[in-house]
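Encoded as structure tokens, the structure appears first; notes follow it.
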Amino acid sequence: MRNRHRTTTPLLAAAAAGVLALAACSGPGEEPSVLEGDTITIGVKFDQPGLGLAENGGFSGFDVDVAHYLAEGMGFEREDVELVGVTSAEREDKIIGGEVDMVVATYSITPERKTEVTFGGPYYVAKQDILVRADEAGIDTVRDLEGHDVCQGEGSNSASRITDGLGIGATVADAPSYSSCIEWLSDERVDAVSTDDLILAGFLAEDPSAYRFVNNPFTDEKYGVGLPHGDVEACEAVNKAINGMYQDGTAGELLEGWFGSTDLELVKSVPQFEGCG
């Protein structure tokens, strides 16, 4: 826990100990806020260019930069921040198990996830869209995916939104990750990859001649900051930092820096927060 320095007399110290003991009993099952730690461990993606990519012994991307900005706003020095790679499938487990204190990893806020994780933010509202091979001329909207093979990464429900949510008769192919989906698209094992537009834009920026961004969004994806369930104090600190990130122009600069080379329409206004309760 974060060290707090205070001066007390022996009598006051004894009284304070009693108060602390009562306080410890007043909230059964409550865990200390991640704000109280001396360090903070943040889960980020490691295989999504433009968002979270492991390279040169570290991580780079929009989410990575956001994670550092938020950590600073929460009171942590840069040297006290540890970044670890997480997959979509293990984000909840890593938070619940205490392996990470926070997750900034294209983590869409959903009612189901809210039962296990407290979300700060969103820090960005992405749109679900579609990436196809550059020579694919027959897919221009989500409805055109009828009869086609669509890839989604493990732990994601992006393609299921097309089949179950919109009733489109596409075949869902589950890959270990979205980087695997891109490989399958390149190898013609699938016809399309559908997920958040920031994820797709990152892959497109790496090889713009190989793929085509359909640029016909059909859902909102609220990127939240995952925190231990019930940690309202940290959630409120995160929201304050996100607001500052947009107000001082940092968010817009980061979005342009990572995705400005694509034709993605970037949103640079403060997202509407979900609330920490």
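So here's what we get for this one:
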read-out: Dipole of the chain [Lys/Arg +1, Asp/Glu -1 at C-beta], most positive-end residue of 234, 148, 176; value: 234
read-out: Shape category assigned to region 133-180 from the gyration tensor of Cα positions, a/c cut at 1.5; value: oblate
read-out: Matching label, Rg and Dmax of the Cα atoms in Å computed from the structure shown, candidates (i) 21.0, 80; (ii) 19.0, 59; (iii) 24.3, 76; value: (i)
read-out: Accessible surface, per residue, of region 127-213 when the full set of protein chains is kept, probe 1.4 Å, Å²; value: 40
read-out: GNM flexibility winner over the chain from 248, 197, 65 (Cα, springs under 10 Å); value: 248
read-out: Whole-number Å³ per residue for the convex hull built on Cα positions in region 127-213; value: 79
read-out: Share of carbon and sulfur in the accessible heavy-atom surface of the chain [1.4 Å probe, %]; value: 48
read-out: Distant-in-sequence amide H partners of residue 177 (H built 1.01 Å from N, under 5 Å); value: 154
read-out: 21 Å Cα cut-off, lysine pairs counted over the chain (separation 8 or more, or different chains); value: 14
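The values are calculated or read from the model by the stated rules, or taken from the named source; none is laboratory data. For clarity, every value in this text was computed on a predicted model and none was experimentally measured. Cβ coordinates were reconstructed from backbone atoms using ideal geometry, including for glycine residues, and neighbour counts include every protein chain displayed. All accessible areas refer to the heavy atoms of the entire protein, side chains included, with ligands and DNA or RNA removed. Shrake-Rupley method; radii C 1.70, N 1.55, O 1.52, S 1.80 Å.
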